[in-house]
Amino acid sequence: MLVSLMPSDSVCHDLITWTPQVALSGDLKPVELIDNTVCIGRVTHVTSPDSVWVQICRGVTGTDYLIMLSTLTDNITETLGRKLYDLKSVLIPVENIKEGTSCAVMLEGRGYRGTVICPGTPDNEVHQVRLVDFGTPHTFTELFNLNSYFYTMPALAVQCSLAHIAKVKGDPIWPERASVYLEESLSDCFVKVRALDNTVTPTKVELYTEPTESEKNSKYVNRDLVYDGYASWTD
């Protein structure tokens, strides 16, 4: 039995302005970060300081979205499991798969929501898909239709860019060590995400680590990149 995730149940009203058309649009809209508000998240994928994927775990009203995500994943897994006896009825035909196609995928026995970022071809049916609730890219050969019910919760992974910083003068590109530093520093902790400008893509943010048992003090991630020589201030 599917557990309700409808916004009318007051579970995601602080993330999106929800209408029935959102759920039927066939487009997995991401969380809308509101300028000068703080959400709690965790960094899930880093390409550079200009492309940091953050999974929003708790919204501005305190709603726990990880519980919602667990329920949604259970529901997708159960739904696909009931249909696996007739794969042709739920598989998306290769000719219908385009960049931006929303889909369901199975990864290690669990069902997830995804968006195609690089479609395959009839001769090479390997598709690169980003898991929209995690921000991580994966490859799949089978993509499944996503029931409109599963569009009711916005995609929890948001692509962000760290505000106030830029590449060190003379560096044509971000050094790989900057991405490694972010992944290693933030892989095991929650972060506070303060949005500064959601009119640009990726959204400009400040990141602050949440205190832990081993690290009692919060850290300002943007500043630490500068202090450790991986970036410079822009203002």
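The values are calculated or read from the model by the stated rules, or taken from the named source; none is laboratory data. As the structure is a computational prediction, the values presented were derived from the model and not from experiment. So basically every Cβ, Gly included, is an ideal-geometry build from the backbone, and we count neighbours across all protein chains shown. Each accessible area value is taken on the protein alone, full model and side chains, heavy atoms only, with ligands, DNA and RNA left out. Shrake-Rupley method; radii C 1.70, N 1.55, O 1.52, S 1.80 Å.
In what order, largest first, do LYS216, LYS192 sit by accessible area if the probe radius is 1.4 Å?
Values: LYS216 140, LYS192 85 Å².
If we order LYS216, LYS192 from most to least accessible, we get LYS216, LYS192.
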Practice item. Please work out how much accessible surface THR141 shows to a 1.4 Å probe, ignoring ligands, DNA and RNA, in Å² rounded to 10. Key: 90 Å²
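Among the listed pairs LYS192/LYS219; LYS29/LYS167; LYS167/LYS204, which are separated by more than 21 Å between their Cα atoms? If you can, show how the numbers build up before the last one.
Values: LYS192/LYS219 10 Å; LYS29/LYS167 30 Å; LYS167/LYS204 15 Å.
Table pairs above 21 Å Cα-Cα are LYS29/LYS167.
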Review point. Using a 1.4 angstrom probe and counting only protein chains, how large is the accessible area of LYS29 in Å², to 10?
Key: 100 Å²
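Can you sort VAL105, VAL200 by solvent-accessible area, 1.4 Å probe, largest first?
On the way: VAL105 0, VAL200 55 Å².
So the residues, ranked largest to smallest area, are VAL200, VAL105.
Sorting PHE190, PHE134, PHE144 by accessible area (1.4 Å probe), largest first, what list results?
Accessible-area ranking of PHE190, PHE134, PHE144, largest first: PHE190, PHE134, PHE144.
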Review point. From the backbone phi of region 187-193, what are the Karplus-calculated ³J(HN,Hα) couplings (6.51 cos²θ - 1.76 cosθ + 1.60, θ = phi - 60°) in whole Hz, Gly and Pro given as x?
Key: 5, 10, 9, 8, 10, 8, 10
**Study point:** Solvent accessible area, Å² - GLU176, 1.4 Å probe, full protein context
**Key:** 150 Å²
Point to revise | Modelled label reach - ASP64, point 7 Å along Cα→Cβ, region 182-224 residues with backbone N closer than 15 Å | key: none
Study note, to complete from the structure: For region 86-213 the mean separation of alpha carbon contacts under 8 Å (6+ apart) over residue count, i.e. relative contact order in percent, is 17 percent
